[in-house]
Amino acid sequence: MIRRRKALKNIGLITGGILTLPYNCSFEPQISYSNFPLLKKKEQDLIADICDIILPTDFNNFPTLETREHFVLTMINDCLDNEKRIEFSVGLNSFQNEIFEVKKNNFHDLSLDEKNNIVAKFIDNEKSEIGIFLNYLKHYSLIHFETSENYMINYLNYEFMPGRYHGGVKVKV
Amino acid sequence: MTNTFDTIVVGAGMAGGWAAKEFTEQGFKTLLLERGPNVKHLEDYPTTNMLPWEFKHRGQLTAKEIKENPIASSCYAFREDAKHFFVKDKEHPYIQKKPFDWIRGYQVGGKSIMWARQVQRWSPFDFEGPARDGFAVDWPIRYNDLADWYTYVEKFVGVSGNKDGLDSLPDGDFLKPWDSNVVEEYFSKQVKKYYKDRHVIYGRCAHLTESRPIFVEQGRGLCVSRQICQRGCPLGGYFNVNSTLIPWALKTGNLTLKSNSVVHSILYDEDQKKAIGVRVIDSESKTSQDYFAKVVFVSASTLNTNLILLNSKSDRFPEGLGNDNGLLGKFIAFHNYRATINAQFEGFPNYTTDGAKPTSHYVPRFRNIYRQETDFLRGYAAGFGAQPQRKTVRKGFGAELTNQLLNSKETGVWNVNSHMMGETIPKSTNLVSLDPEKKDEWGIPLLNIDVDYDDNDEKMIQDFYEQFTEMYEKAGFVNISTNDNGRKPGNDIHEMGGVRMGKDPQTSLLNKWNQMHGCKNVFVTDGACMTSTSTQNPSLTFMALSARAANYAIQQMKKGLI
């Protein structure tokens, strides 16, 4: 939790995200996204939880400058056009309704198996409202992970200044 | 600041940069005008050392940026890391009579900061083309007139290449090439085996692969193949104007560089019967100022050069400077980049590459070189790239997804691809003109652009598909697919013409020295001067023409003839 709070603080400093204190709530900082002014902290937390189910975060081995949910929400906020942002919002609402109606509980409080089952139920149905929503989260979670420093350098052989090119390197088949 | 100079150069891109270098080196007080801001080498490359994970959007544009910039965002290099070097659509509108993506870089250095750095010479066949094939007008020069100037420019710029010995693509003064990969070499051999007049060679590129005293003097280091040249290179590993020509000219003490200066028009004196200077509007304050010189070089980029000349009206030239024949703005042409082909090759499963290089391979034009052999005029060059294919499975979610990502690997298959670079035929119906009513924020008429493809281009695309499919099949490539990417004219960023060179003042605007037939102390040395387009990336030719014209102008000035 300490790491999470620290990360949130850093996000404000690093990315210029706007940290606001909601009018009448706890002292947990909240990030505002310009195209989602009504997105509450509990919804941001929900998105963090879902992203973590879709592609588990591993800050120790794959550290990033920003948290997964902040990156995902930044991309959704900035890079989706209005029509797609509406799809995202509709899917988020449908997902919340589904959880509440079926499980009578918050997603966060479900068991890991229950969380996995819900995501599994919808993620392959890419035409459903919830499926579209989950696949936006998956798409940007993948970008976040695949552009992490450790992954790029140690799994994709990325080098900033290679300074060489060998065109015929033999490898084991 | 004085407002009188020996020479004025309009536009601080590649062509203007070369003119400024030549004039200042030889002692001429020169004013170099640039409509955009200054970009100082090292100081003004804000993203140059950013790592991929440091970009807020990992390189992507925002939806707002795409919506507001349908033209600029159509360019492959208009991305999060280099978007600040491109003109935004709202900043300087123009009128598309037909769809045309005008990709621009308004700053000192122009588009040389973000260019693709391919530098192939023209051949004798290219300069002889219009006369042989009966289109446009005959070039007033031949390859031999420009050969030494190509060498002159290459020695300063630094060009990595192989001596290939091809008459269709003459060799130059080359630095050593980067390594070719096994599939590039294989395809080259296969093409040689099946076709006597087709070649797959190393794409000559403006990158330093060896040090020479001239590059040390410029303060440039070797290219380390970062592959992010469009951001500006802190090492000066590739050629741009900012790291070479501008500091070189400034060092002479003879250059006055004035940015944020929009040239409104060239001033013509009816009594002296020559140009006397230029009218400049400060891009920010909108105030006007006149500057004077003996000689004016116009190198403001192809279409802006047309715009300035069309807007330079006088009693002598009511339709634009030098426009006695009414051809100014006409015969605009470009390169047809619409056709691509992709495939896979399974012939080298036990090979991969290590490192990176800033170029790929190149297929010089092979159609209609020695004789007319098709039902379309001219031909096309093409790129050829081959990369080991990496497979990353992204199915499902959770631990399954993580495991797939952690097991991303090369498959042993190679992806191969080519893109066509087709010569288009200049026509009087492809033209630009001044809008009679609409003006920009500096009070200059907007440019109407009326340029399109024609049947010759469509036939060429089909031929590219057929010929490259055959070449790919003979090489054993599989899963071949062709594609028309629908790129609009202009998106190639190789627009040329409108102020063409020629022998006859009745049918051209410039003589063999890039000098206006009708106004001898005005020279045009950017893409606007081009009589035809050939297939090669044109920047090297613009630079050679500009250096040649500047040295001619210097001789004439010394003799007191202009």
- [ ] Return only the number of the condition from (1) surrounded by fewer than 22 Cβ atoms within 10 Å (Cβ to Cβ); (2) in contact with a helix residue (DSSP H, G or I) (Cβ under 7 Å, 6 or more places away or on another chain); (3) within 14 Å of chain A (Cβ to nearest Cβ); (4) touching a residue at least 40 places away in the same chain (Cβ under 8 Å) that B:LEU377 does not satisfy.
- [x] (3)
Task: Residue ID - nearest to B:PHE156 (Cα to Cα), chosen from residues in segment B:16-45 that are over 23 Å from the mean Cα position of the chain (by Cα) and surrounded by fewer than 21 Cβ atoms within 10 Å (Cβ to Cβ) - done: B:GLU25
TODO: Look at segment B:46-66 and say how many of its residues are of a type in the set (Asp, Glu) and surrounded by fewer than 16 Cβ atoms within 10 Å (Cβ to Cβ).
DONE: 1
Task: Single residue of segment A:66-87 satisfying the filter (surrounded by fewer than 22 Cβ atoms within 10 Å (Cβ to Cβ) and more than 12 Å from chain B (Cβ to nearest Cβ)) that is farthest from A:ILE53 (Cα to Cα) - done: A:ILE86
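Answer yes if at least one residue in segment B:224-231 is more than 27 Å from B:GLU473 (Cβ to Cβ), in the same structural domain as B:VAL296 (by TED's automatic domain parsing) and small (Gly, Ala, Ser), and no otherwise.
No, because not a single residue in segment B:224-231 is more than 27 Å from B:GLU473 (Cβ to Cβ), in the same structural domain as B:VAL296 (by TED's automatic domain parsing) and small (Gly, Ala, Ser).
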Open item on the list: Is it the case, given these coordinates, that B:CYS223 is closer than 22 Å to B:ALA77 by Cβ and in contact with a strand residue (DSSP E or B) (Cβ under 9 Å, 6 or more places away or on another chain)?
Closed with: yes
TODO: Look at B:LYS313 and say whether it is at positive phi and touching a residue at least 40 places away in the same chain (Cβ under 8 Å).
DONE: no
- [ ] Grab the strands (runs of 3 or more DSSP E) fully contained in segment B:288-357, keeping just those with 1 or more residues being away from chain A (no Cβ under 14 Å) and not charged (D, E, K, R).
- [x] B:288-298, B:330-333, B:339-345
- [ ] Inspect segment B:404-411 for any residue being assigned to a strand (DSSP E or B), within 14 Å of another protein chain (Cβ to nearest Cβ) and touching a residue at least 40 places away in the same chain (Cβ under 8 Å) and give the result as yes or no.
- [x] yes
TODO: Give the residues of segment B:162-192 that are in a helix (DSSP H, G or I), more than 14 Å from chain A (Cβ to nearest Cβ) and free of Cβ contacts under 8 Å to residues at least 12 places away in the same chain, sorted by residue number.
DONE: B:LYS192
- [ ] Out of B:GLY277, B:GLY237, report the one residue that is surrounded by 15 or more Cβ atoms within 10 Å (Cβ to Cβ), in contact with a Leu (Cβ under 9 Å, 6 or more places away or on another chain) and away from every other protein chain (no Cβ under 14 Å).
- [x] B:GLY277
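Quick check on segment B:90-97. Is at least one of its residues on the phi > 0 side of the Ramachandran plot, part of a loop (DSSP other than H, G, I, E, B), in contact (Cβ under 8 Å) with a residue 40 or more places away in the chain and surrounded by 18 or more Cβ atoms within 10 Å (Cβ to Cβ)? Walk me through it before giving the result.
Let us first name the residues in segment B:90-97 that are on the phi > 0 side of the Ramachandran plot, namely none.
No: zero hits.
Quick grid of which residues meet (1) among the β-branched types (Val, Ile, Thr); (2) in contact with a strand residue (DSSP E or B) (Cβ under 6 Å, 6 or more places away or on another chain):
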site	(1), (2)
B:ASP450	no, yes
B:ASP454	no, no
B:ILE480	yes, yes
B:ASN483	no, yes
B:GLY497	no, yes
B:ASP504	no, no
Task: Options B:ALA275, B:ALA249; residue that is closer than 18 Å to B:ALA550 by Cβ and part of a helix (DSSP H, G or I) - done: B:ALA249
Task: Condition met for B:SER225 (buried (at least 20 other Cβ atoms within 10 Å of the Cβ), within 12 Å of chain A (Cβ to nearest Cβ) and under 23 Å from the mean Cα position of the chain (by Cα)) - done: yes
Task: Residues (of a type in the set (A, V, I, L, M) and outside any loop (DSSP other than H, G, I, E, B)) located in segment B:421-464 - done: B:MET421, B:LEU431, B:VAL432, B:LEU434, B:LEU446, B:LEU447, B:ILE449, B:MET460, B:ILE461
- [ ] Filter segment B:193-218 for residues that are within 14 Å of another protein chain (Cβ to nearest Cβ) and of a type in the set (D, E, K, R) and give the result.
- [x] B:GLU210
Task: Per-region count, segment B:67-108, residues within 14 Å of another protein chain (Cβ to nearest Cβ) and either among the polar types (S, T, N, Q) or within 16 Å of the chain's Cα centre (by Cα) (or both) - done: 2
TODO: For A:ASN116, work out the one condition from (1) at the interface with chain B (Cβ under 7 Å from one of its Cβ atoms); (2) of a type outside the set (Val, Ile, Thr); (3) free of Cβ contacts under 8 Å to residues at least 40 places away in the same chain it doesn't fulfil.
DONE: (3)
TODO: Select from segment A:157-173 the residues that are at the interface with chain B (Cβ under 7 Å from one of its Cβ atoms) and of a type outside the set (Ser, Thr, Tyr) and list them in ascending order.
DONE: A:PHE160, A:MET161, A:PRO162, A:GLY163, A:ARG164, A:HIS166, A:GLY167, A:GLY168, A:VAL169, A:LYS170, A:VAL171, A:VAL173
Open item on the list: So if I check each of B:ASN485, B:ASN430, which one is within 26 Å of B:PRO538 (Cβ to Cβ) and exposed (fewer than 14 other Cβ atoms within 10 Å of the Cβ)?
Closed with: B:ASN485
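Based on this model, can you work out whether A:VAL90 counts as among the hydrophobic types (A, V, I, L, M, F, W, C), surrounded by fewer than 17 Cβ atoms within 10 Å (Cβ to Cβ), at pLDDT below 95 and assigned to a helix (DSSP H, G or I)?
No, not satisfied.
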Task: Lone unmet requirement of (1) modelled with pLDDT under 95; (2) assigned to a helix (DSSP H, G or I) for B:LYS196 - done: (2)
Task: Selection status of B:TYR370, surrounded by fewer than 19 Cβ atoms within 10 Å (Cβ to Cβ), of a type in the set (Phe, Trp, Tyr) and out of contact with any His (no Cβ under 6 Å at 6 or more places or on another chain) - done: yes
Open item on the list: With the requirement that a residue be part of a loop (DSSP other than H, G, I, E, B) and over 28 Å from B:GLY59 (Cα atoms), what does segment B:13-49 give you?
Closed with: B:GLN26, B:GLY27, B:PHE28, B:LYS29, B:GLU34
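The values are calculated or read from the model by the stated rules, or taken from the named source; none is laboratory data. From a predicted model like this one, the values you see are computed outputs, not experimental measurements. In this analysis, Cβ positions are derived from the backbone assuming ideal geometry, glycine residues included, and neighbour counts consider all displayed protein chains.
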